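First up is the structure itself, then whatever we jot down about it.
The values are calculated or read from the model by the stated rules, or taken from the named source; none is laboratory data. The shown structure was predicted, so the numbers you read here are calculated from the model rather than taken from an experiment. Using ideal geometry, Cβ is built from the backbone for each residue, glycine included, and neighbour counts are taken over all protein chains shown.
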Amino acid sequence: MYSKLSDYGLIGNCRSSALVSKWGSIDWACLPDLDSDAYFCKLLDDKKGGFFDIHPLGFYQSSQKYKERTNILKTDFFNHTGRLILTDYMPISRSIEAFGDIPEFGPKFCRRIKAKSGSHRVRLEIKITPAFAEEEIRIEKQEDNVKFVSSKTVFTLIGNTSDLIIDKNLLSCEFVLNEGEEKYFFLTFDNTHDIQNDYSLEELKKTYAETLSFWLWWSGLSKYNGVFQEEVIRSALVLKLLTFAPTGAVVAAPTTSLPEKIGGELNWDYRYVWLRDASFTMYAFLGLGYLKEAVDFMNWLTSVCLKNKDKIQIMYGIRGESTLEEKEINHLSGYENSKPIRKGNEAYKQTQLDIFGEVLDCILLFVNSGGEASKELKELIVILVEVCLRNWQDKDAGIWEPRHGYQHHIYSKVMCWVALDRGLRLAKKLNLPLDQIGLENEMEKIKTDVLAKGYNEKLGAFVEYYGSQTVDSSNLNIPLVGFLPASDPKVLSTLNITLSQLTKDWFVYRTNDQTDKLKEGEGAFFLSIFWLIDTLSILGRTKEAKIWLEKLIYFSTPLGLYAEEFNPKTKEHLGNFPQAFTHLGLINSALNLNKSIKNGPERIFTNSSERLFQAREALGNSVKHTFELLIPLVIRKFFSNRALRQTQKHSILGKVFQRDKL
């Protein structure tokens, strides 16, 4: 039986992550990295997929919450006997995360079950299914632990492992917890060449304090105190879990093949870095004053894009891989029997011209926020502008990535204008070798082209592509990016048409395209709603914007998480989960709404990067945060590797790091 996506919480360590259901089961985890093969994949096949389950026997109800402003998850079981609390986390520490040196191997899943009241019989079950359940595993019971051995890796279960039952690839046991008693279970991950570990249970228990300290410190760096503060911080914590600390990359989501409609074929692998999504994520981080994440991403971005300057792709792997071949996994049934299951994503081959605008807008915000424009970053700016100049008149796949042909998409043309506008601003600010008059002339050509061919006079709205009759929610960005003022009659008319044709029950759909049968029945798109909220905010319609945002928060999961889409009829979250697009949209909308509540509608024509910079400056915390977040970068620059290791050696994770590097 499949759990609803809204019944899951996310834990992670900025290298990998896991989904934990409210019933106490880890049903999804890829190791050692976010894009690795899944070892727990019950989420994609409730019969064949692996899981790690701890729950009380008999009837019970349960709920979940995060401990304060952290990514430590607590599941509360309660029945007629009393209450049990299950605490889950993946270890992380400040010293390890600061340098991106989160160990590939070592302790991964830490679970504590405690009887708060009453006496309970508890069941533990572990089924590990390597490589999306394609490989076998062997269970070996030893004196003080249990090993799960596959061809390449070894898991070790540390904890009270008496009275175990082994049935093929399933390990189970039952035990009693009386009031006040607790048990710890740690699952470590190693390779077959290094299966010896010296982790004691007492040492591993200390990782809780390290992990708690890290998340409280990190969430505390944001001083955001505007509307919907708790929801903003929770979304920031989700985005942090989607970062890959070893390189600075950030994925679109930690899952693959969760369907955009139940039983449909729109099931994609989102464990990669779309330049668009990642740039939007940096908007959110920078808007809250988090500079370090943006510094790390810029380093990743330049190293990846400058490898092949002549062919900048729309997406890459978390280590900069440029080939992400798509493969179908046919032996799993799929979430709620939705197939196919995909590993890899053929979208990497597409042309999506909007990415130049999003990346350059992000770079402008980064530089204005105090980020250093390195030699490599300056080179990349020039390359992005020049590529955009050469190609803006071409057709492309657009933001929605259809696989049935290219068109002249309005959103893509607008973002090409954004690319040249931000490139021009950066050229003036950084003295870059770009023809500024030429850029201004080309910007005017793009605007003239879009206004002549992109606005449907009969419909009264900007449409999806030249000659189209389709209303497209992505055109809500036209005033947000500064292409036209929010008060422009064409913008206001497009807003009204969007409200009348794309909205239903407080939700906004991507388009009203009726020709793509594959998309029939798909959910409303969360990010489209945030674009609508942003447009209302800059118009000064803050009461409406706040109501829309309140409705969205009401329809989050109990933990404040969001998938990519939502079905208003069934009230189910759809698509990969949790989704960066949605959470960054919430943060940016809260920042824009907060700014508009304080300052009123925009009277001076502005753009997205300027607006977010102003919103962040209004919080009064940028200087402090810039200093705090750059401390690790300064240390990394001036201290030797040996000295650095001394700061880590007292940490459990630091010991694992040292072992991995030997």
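Between Ile399, Ile381, Ile446, the distinction of being among the hydrophobic types (A, V, I, L, M, F, W, C), in contact with a strand residue (DSSP E or B) (Cβ under 8 Å, 6 or more places away or on another chain) and either crowded, with 19+ Cβ neighbours inside 10 Å or within 24 Å of Leu527 (Cβ to Cβ) (or both) belongs to Ile399 only. Of all residues in segment 406-445, exactly one satisfies the criterion of being hydroxyl-bearing (Ser, Thr, Tyr) and over 27 Å from the mean Cα position of the chain (by Cα), namely Tyr406.
Scanning segment 28-49 finds no residues that are in contact with a Lys or Arg (Cβ under 6 Å, 6 or more places away or on another chain), closer than 22 Å to Lys183 by Cα and buried (at least 21 other Cβ atoms within 10 Å of the Cβ).
Restricted to segment 198-247, and to residues there that are part of a helix (DSSP H, G or I), among the hydrophobic types (A, V, I, L, M, F, W, C) and in contact with a Pro (Cβ under 8 Å, 6 or more places away or on another chain), the residue that is farthest from Leu559 (Cα to Cα) is Leu204.
Residues checked against (1) within 25 Å of Glu376 (Cα to Cα); (2) touching a strand residue (DSSP E or B) at 6+ places or on another chain (Cβ under 6 Å); (3) in the same structural domain as Pro32 (by TED's automatic domain parsing):
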residue: Lys309; (1), (2), (3): yes, no, no
residue: Ile318; (1), (2), (3): yes, yes, no
residue: Glu321; (1), (2), (3): yes, no, no
residue: Glu325; (1), (2), (3): no, no, no
residue: Asn337; (1), (2), (3): no, no, no
residue: Ile341; (1), (2), (3): no, yes, no
residue: Leu353; (1), (2), (3): yes, yes, no
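Per this entry, Gly620 is not counted among residues that are small (Gly, Ala, Ser), at pLDDT 50 or above and part of a helix (DSSP H, G or I). Scanning segment 530-546 for residues that are of a type in the set (D, E, K, R) and either buried (at least 22 other Cβ atoms within 10 Å of the Cβ) or in the same structural domain as Leu10 (by TED's automatic domain parsing) (or both) yields a total of 1. Checked against (1) modelled with pLDDT under 95; (2) over 21 Å from Asn13 (Cα atoms); (3) among the β-branched types (Val, Ile, Thr), Val122 passes all but condition (1). The set of residues in segment 149-198 that are in contact (Cβ under 8 Å) with a residue 60 or more places away in the chain, more than 28 Å from Ala133 (Cα to Cα) and not basic (Lys, Arg) comprises Leu177, Asn178, Glu179, Gly180, Glu181, Glu182.
Assess whether Leu459 counts as being in contact with a helix residue (DSSP H, G or I) (Cβ under 6 Å, 6 or more places away or on another chain) and either closer than 30 Å to Asn368 by Cα or assigned by TED's automatic domain parsing to the domain that holds Phe366 (or both). It is false that Leu459 is in contact with a helix residue (DSSP H, G or I) (Cβ under 6 Å, 6 or more places away or on another chain) and either closer than 30 Å to Asn368 by Cα or assigned by TED's automatic domain parsing to the domain that holds Phe366 (or both). Right, Gly220: touching a residue at least 40 places away in the same chain (Cβ under 8 Å), surrounded by fewer than 24 Cβ atoms within 10 Å (Cβ to Cβ), under 18 Å from Phe577 (Cβ atoms) and not acidic (Asp, Glu) or not? No: the conditions fail for Gly220.
Every condition in (1) in a loop (DSSP other than H, G, I, E, B); (2) more than 30 Å from Thr256 (Cα to Cα) holds for Ser151 except the one numbered (2). Restricting the search to helices (runs of 4 or more DSSP H) fully inside segment 408-508 and requiring at least 3 residues that are of a type in the set (Gly, Ala, Ser) gives 410-430.
Pairs are defined by a Cβ separation below 6 Å, a sequence spacing of at least 6 or placement on different chains, a first member in segment 75-101 that is on the phi > 0 side of the Ramachandran plot, and a second member that is modelled with pLDDT of 95 or more; the pairs so defined are Gly82/Ser117; Gly82/Gly118; Gly100/Ala245; Gly100/Pro246. None of Leu561, Leu549, Leu527, Leu593 is under 24 Å from the mean Cα position of the chain (by Cα), buried (at least 22 other Cβ atoms within 10 Å of the Cβ) and assigned to a loop (DSSP other than H, G, I, E, B) except Leu561. Just one of the numbered conditions (1) exposed (fewer than 13 other Cβ atoms within 10 Å of the Cβ); (2) within 25 Å of Gly334 (Cα to Cα); (3) among the β-branched types (Val, Ile, Thr) is not true of Ile137: (1).
Among residues of segment 114-128 that are within 28 Å of Asp167 (Cα to Cα), those with a beta-carbon under 6 Å from a residue that is of a type in the set (Asp, Glu) and crowded, with 16+ Cβ neighbours inside 10 Å at least six positions away or on a different chain give the pairs Glu125/Asp53. Being among the polar types (S, T, N, Q) and outside any helix (DSSP H, G or I) is the filter here; which residues of segment 387-403 pass it? Once the filter is applied, which keeps residues that are among the polar types (S, T, N, Q) and outside any helix (DSSP H, G or I), segment 387-403 yields only Gln393. Filtering segment 320-371 to residues that are free of Cβ contacts under 8 Å to residues at least 60 places away in the same chain and either outside any loop (DSSP other than H, G, I, E, B) or closer than 17 Å to Glu293 by Cβ (or both) leaves Lys327, Glu328, Glu346, Lys349. For segment 68-91, state whether one or more residues are part of a helix (DSSP H, G or I), not hydrophobic (A, V, I, L, M, F, W, C) and not assigned by TED's automatic domain parsing to the domain that holds Asn330. Scanning segment 68-91 turns up no residue that is part of a helix (DSSP H, G or I), not hydrophobic (A, V, I, L, M, F, W, C) and not assigned by TED's automatic domain parsing to the domain that holds Asn330.
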